[in-house]
Amino acid sequence: MHLSATSLDSLPSAIQTPMYDRTAHAPGVVHLGLGAFHRAHQAMVFDRLLASGDSRWGIHGVGMTRPDLVNQLRAQDGLYAVRVADGQGVKWQVPGALWRTSVATTERDAVVQAIAAPSTRWVTLTVTEKGYTPALGQLLLDGLRLRQQAGLSGITIASCDNLQGNGHKLQALVKAAAAPQDSEVLSWLDAQCAFPCSMVDRIVPAATPEVLDAAQEALGVKDHCALSTEGFWEWVIEDRFADPADAALLQSAGVRVTADVHSYEEAKLRMLNGSHTAMALMGAVTGRPFIASCIGVPHIREFVFRLMGQEVAPHLSRSDWADYRTALIARFGNPYLKHSVHQIATDSSQKIPQRWPPSVLGQIAQGAAFEHHALAAAVFVRFTLGVDEQGQAYALNDPQAGSLMALGAAQRTEPVACVRALLAREDLWGSALPQDAAWTARVTHWHQHILQHGVDAAIQQLTGA
């Protein structure tokens with residue numbers, strides 16, 4: 001037997017399951033990007049709202065490219081188990097907010113019609129940083145145009161991806177898809193739709209066989225879509241909604257509604273995501289498989305502690321950054337989160353530009369040291385070799401993999417030239433850093449140290465740990 005609507009009643013009583021009717025109402029949310037993160041984050045928030053008796057938060061979930069996941073979820077009636085595990089204990093929950101599913105690549109019209117459906121009030125997105133393409137803008141615009149032509153009300157369209165000012169970027173992307181004859185829909189969009197900026201935070205690793213086995217043991221039925229996550233979660237969203245009453249509803253479910261999303265997204269990008277990328281690259285090169293196995297090493301933990309406190313925090317406006325750092329280090333060490341370093345290192349060329357350069361430039365402007373970021377950048381250069389320190393090859397899962405590996409191949413014979421070539425790329429470092437001789441010199445120094453003595457020795461040299 002597998003998890004489905006008919007097997008819900010057979011689950012152990014300790015497991016929280018949806019008690020509301022999942023079939024009587026049409027979905028009120030269309031979500032683009034039906035990955036693990038959404039299902040363990042926003043979908044669980046919407047599940048809380050549904051459980052409170054508000055039937056408007058059911059989800060029409062859209063897999064952007066993966067029919068396999070959508071097919072598995074369909075076979076389970078949109079149900080899946082989530083293990084919430086940390087130092088406080090372990091509990092299992094089956095959220096029930098996912099009511100319908102589609103695949104954007106093969107069922108595009110169904111997605112457009114879902115955006116245009118009278119019941120739809122929100123569109124949310126977790127399509128990753130690289131997903132903000134003209135095709136996405138066109139998909140959203142086509143759905144919004146149908147709404148406008150049908151005389152329907154506007155909706156809230158909320159990006160939940162790691163992009164600073166993500167609401168502004170998404171609105172600009174949709175408008176850029178418009179043709180000259182779209183002036184009416186653009187006027188309607190400006191007047192009636194809302195694109196709030198938001199910041200989301202919860203560590204949700206890709207599912208592993210261990211999680212699927214644990215789910216079967218806990219539930220007594222098979223679950224091909226089970227996930228594991230941590231107890232901590234944060235969703236900060238701008239107080240800008242098509243329906244202003246949504247602010248109080250979201251707050252009742254634990255969401256932080258504020259006029260100042262920027263201080264939170266900035267802290268998350270540079271402290272959590274920036275540290276994550278650094279550790280992921282270190283783990284990939286040293287052969288450590290998970291973030292927990294990296295932060296569990298004293299010199300790496302000291303490196304991350306100092307990176308956040310000495311080079312990132314001075315340029316943040318989040319006032320409780322020290323408490324946030326403490327929480328982050330505890331979260332990184334969660335033994336239940338088998339968060340693969342290679343999963344986090346995916347698309348590093350898209351992530352590093354937002355996560356590291358702002359802090360480095362802030363340090364340069366203050367005449368302060370940036371050694372931790374320079375060492376992290378040197379590890380990134382070493383990572384492009386595609387082989388770890390034990391000689392095990394790994395793939396660079398990155399849109400720039402070809403050019404990065406071509407540069408990386410020169411490390412053994414022309415290491416200084418390789419570093420200079422990689423640091424000259426403005427798509428990675430912006431326009432200012434490639435011109436900074438001191439930055440180039442320190443990255444080159446640490447890169448040479450890494451090639452000669454290894455990543456761990458370089459970190460120990462820097463931290464004294």
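Checking each residue in segment 177-220 for being touching a residue at least 40 places away in the same chain (Cβ under 8 Å), within 30 Å of Ile291 (Cα to Cα) and of a type in the set (D, E, K, R) picks out Asp201, Arg202, Glu210.
Only one entry of Gln411, Gln435, Gln390 meets the criterion of being under 24 Å from Met279 (Cβ atoms), surrounded by fewer than 20 Cβ atoms within 10 Å (Cβ to Cβ) and not hydrophobic (A, V, I, L, M, F, W, C), and that entry is Gln390.
Contact map, segment 289-304: residues that are surrounded by fewer than 24 Cβ atoms within 10 Å (Cβ to Cβ) paired with residues that are acidic (Asp, Glu) and at pLDDT 95 or above, Cβ distance under 8 Å, separation 6+ or inter-chain. Pairs shown: Val297/Asp456; His299/Asp456. Can you tell me which residue within segment 256-268, out of those that are out of contact with any Leu (no Cβ under 9 Å at 6 or more places or on another chain) and of a type outside the set (D, E, K, R), is farthest from Ala330 (Cα to Cα)? Step by step, filter segment 256-268, then rank; the result is Ala259. Scanning segment 112-165 for residues that are modelled with pLDDT of 95 or more and of a type in the set (Asp, Glu) yields one hit, Asp142.
Mind checking which residues of segment 414-438 are in a helix (DSSP H, G or I), touching a residue at least 40 places away in the same chain (Cβ under 8 Å) and out of contact with any Phe, Trp or Tyr (no Cβ under 7 Å at 6 or more places or on another chain)? The answer is Val419, Leu422, Asp427, Leu428, Trp429, Ala438. Does Gly61 qualify as being within 20 Å of the chain's Cα centre (by Cα), touching a residue at least 24 places away in the same chain (Cβ under 8 Å), on the phi < 0 side of the Ramachandran plot and in the same structural domain as His224 (by TED's automatic domain parsing)? The answer is yes for Gly61. Any residue that is among the polar types (S, T, N, Q) and either outside any helix (DSSP H, G or I) or touching a Lys or Arg at 6+ places or on another chain (Cβ under 9 Å) (or both) - is there at least one of those in segment 240-257? Within segment 240-257, one or more residues are among the polar types (S, T, N, Q) and either outside any helix (DSSP H, G or I) or touching a Lys or Arg at 6+ places or on another chain (Cβ under 9 Å) (or both). The condition of being in contact (Cβ under 8 Å) with a residue 40 or more places away in the chain, in a loop (DSSP other than H, G, I, E, B) and closer than 27 Å to Leu141 by Cα holds for only one of Leu34, Leu79, that being Leu34.
The values are calculated or read from the model by the stated rules, or taken from the named source; none is laboratory data. Everything quoted here is computed from the prediction, not taken from an experiment. All Cβ positions, even for glycine, are placed from backbone atoms using ideal geometry, and neighbour counts span all protein chains on display.
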